[in-house]
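Below is one structure; the comments refer to it alone.
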Amino acid sequence: MAKKKKKIKYRDIELNIMPFIDVFSLLNTFLLMSAVFLSVGILEVQIPFLTSAPPEKKDDERTLDIKVDMEKDKIEVTAAWSRPPVNEQKKDFKVTKEDIAAMHKFLVEIRRSSPDTDKLSFFTEDDVLWKDMSHVLDAIKVRQPGDPVFQTKAQTTEAEKVMAAEFLFPKVVMASVML
């Protein structure tokens, strides 16, 4: 006996398309945003000439390396030549106004013994106060009244000569060691 098929009554089915509209409106937003970022122009950047050749070694050049290492309560100044004889000079100072002035005089004497040295490396610890550091940097960099003017052979432009007249060490490298 054949089963009689039941007649199914279809009700009005509603398809909820609101979530699809929400998704497509968000996709349109991201599409437009990415299209704006893709239209950014090309920036030309000039970099120094790079080469795979090893750097030239200047073995015959002997330079004076001056390092100032500042801690919270003391300053250590070290001056040593890069090639033998090293002739290392090391002196400790306290972080007081009088000792900072004595450090300045010591640096003037170092500069007087080697006038072509115009660079100094400055190291500090994490706990050094900025107020103390700024006093030490002023003593390192700025010439005091009565200090001699040091002209180096490399100073050829007028701006470099003006810097030499104003500064004891025109090139101070702020160095730091991170472990």
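Computed over protein heavy atoms with a 1.4 Å probe, the accessible surface of region 90-159 works out to 62 Å² per residue. Here the accessible area of region 58-151 is 49 percent carbon and sulfur, with a 1.4 angstrom probe and all protein chains present. Straight Cα distances below 15 angstrom link residue 67 to the aspartates and glutamates 76, 88, 92, 109, 118, 125, with same-chain residues fewer than 8 positions distant left out. Largest accessible area first, the listed residues 104, 135 line up as 135, 104 when surface is computed with a 1.4 Å probe on the assembled protein chains. Taking other residues whose beta carbon is less than 11 angstrom from the beta carbon of residue 69, and scoring Lys, Arg as +1 and Asp, Glu as -1, yields -1.
Over all distinct Cα-Cα pairs of region 52-155, the Kirkwood formula returns a hydrodynamic radius of 15.0 Å.
The values are calculated or read from the model by the stated rules, or taken from the named source; none is laboratory data. Fair warning: this is a prediction, and the values are worked out from it, not measured in the lab. A quick note on method: Cβ atoms are made from the backbone with ideal geometry, for glycine too, and the neighbour counts reach across all protein chains shown. Surface areas here come from the heavy atoms of the whole protein model, side chains and all, with no ligands, DNA or RNA. Shrake-Rupley method; radii C 1.70, N 1.55, O 1.52, S 1.80 Å.
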